[in-house]
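First up is the structure itself, then whatever we jot down about it.
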Amino acid sequence: MASNGRPQFKHPLPTVKKEPKEFSWVTEEELTGKVSPDTGLSQIVWNGLNVIVRHMICLTEMQNMVDIIRDQCWDVERNRIELMDFQLRCAVVTFYTNVNLPESAADQYDYLYGTDLYETVTQYISKPQLKAIEDALRMYMSR
């Protein structure tokens, strides 16, 4: 029977060549009190426009983003794999920035491939998070 709870990852005792001077676990309270994830904002000037870029989006937003991209690539009969990169670019600009793309898909396409907007924005986004999103989409598209 499946468990509804999230499995807890337990760290094994570290293997070190020398005995540690002092061994203690870093508690959740210590971690959250001393380290903060980089969820900050960057303001960049792109072609004379002030663009705000979020470094990271939260887990729920990331899941929502992947669902939207996946749904936009489905045409009722099959996955339109050729749309994945375009839909990813649209979603990245929408979820991570303050830029409102035009409503027309053709105009969006022109801005996302005819300018360096996407390439500029992705310089300020968490690389591991963007890679995780791309990997998830590739897995969905390969089914």
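The values are calculated or read from the model by the stated rules, or taken from the named source; none is laboratory data. All of these numbers come straight from a predicted model, not from anything done at the bench. Don't worry about glycine lacking a Cβ; one is built from the backbone with ideal geometry, like all the others, and counts go over all protein chains shown.
Per-residue answers, yes or no, for (1) among the polar types (S, T, N, Q); (2) in contact with a Pro (Cβ under 7 Å, 6 or more places away or on another chain); (3) under 26 Å from residue 56 (Cβ atoms):
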| position | (1), (2), (3) |
| --- | --- |
| 74 | no, no, no |
| 97 | yes, no, yes |
| 109 | no, no, no |
| 113 | no, no, yes |
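Looking only at region 50-69, which residues are surrounded by 15 or more Cβ atoms within 10 Å (Cβ to Cβ) and either of a type in the set (A, V, I, L, M) or farther than 10 Å from residue 95 by Cβ (or both)? Explain how you work it out, then say what you get.
Taking region 50-69 and keeping what is surrounded by 15 or more Cβ atoms within 10 Å (Cβ to Cβ), we get 51, 53-57, 62, 65-66, 68-69.
The answer is 51, 53, 55, 56, 57, 62, 65, 66, 68, 69.
Restricting the first member to region 22-47 and to residues that are free of Cβ contacts under 8 Å to residues at least 24 places away in the same chain, and the second to residues that are surrounded by 10 or more Cβ atoms within 10 Å (Cβ to Cβ), the beta-carbon pairs closer than 7 Å and six or more apart or on different chains are 37/56; 39/55; 39/56; 40/55; 41/52; 41/53; 41/54; 43/52.
Let's see how each residue does on (1) modelled with pLDDT of 95 or more; (2) surrounded by 11 or more Cβ atoms within 10 Å (Cβ to Cβ); (3) part of a helix (DSSP H, G or I):
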site: 71; (1), (2), (3): no, no, yes
site: 76; (1), (2), (3): no, no, no
site: 108; (1), (2), (3): yes, yes, yes
site: 121; (1), (2), (3): yes, yes, yes
site: 124; (1), (2), (3): yes, yes, no
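Restricting attention to region 40-49, the residues being closer than 20 Å to residue 115 by Cβ and exposed (fewer than 13 other Cβ atoms within 10 Å of the Cβ) number 5.
Yes or no: residue 101 free of Cβ contacts under 8 Å to residues at least 40 places away in the same chain, assigned to a helix (DSSP H, G or I), surrounded by 13 or more Cβ atoms within 10 Å (Cβ to Cβ) and not hydroxyl-bearing (Ser, Thr, Tyr)? Spelling it out, it is not the case that residue 101 is free of Cβ contacts under 8 Å to residues at least 40 places away in the same chain, assigned to a helix (DSSP H, G or I), surrounded by 13 or more Cβ atoms within 10 Å (Cβ to Cβ) and not hydroxyl-bearing (Ser, Thr, Tyr). For region 116-136, state whether one or more residues are within 24 Å of residue 56 (Cβ to Cβ), basic (Lys, Arg) and in contact (Cβ under 8 Å) with a residue 24 or more places away in the chain. No, region 116-136 has no match at all.
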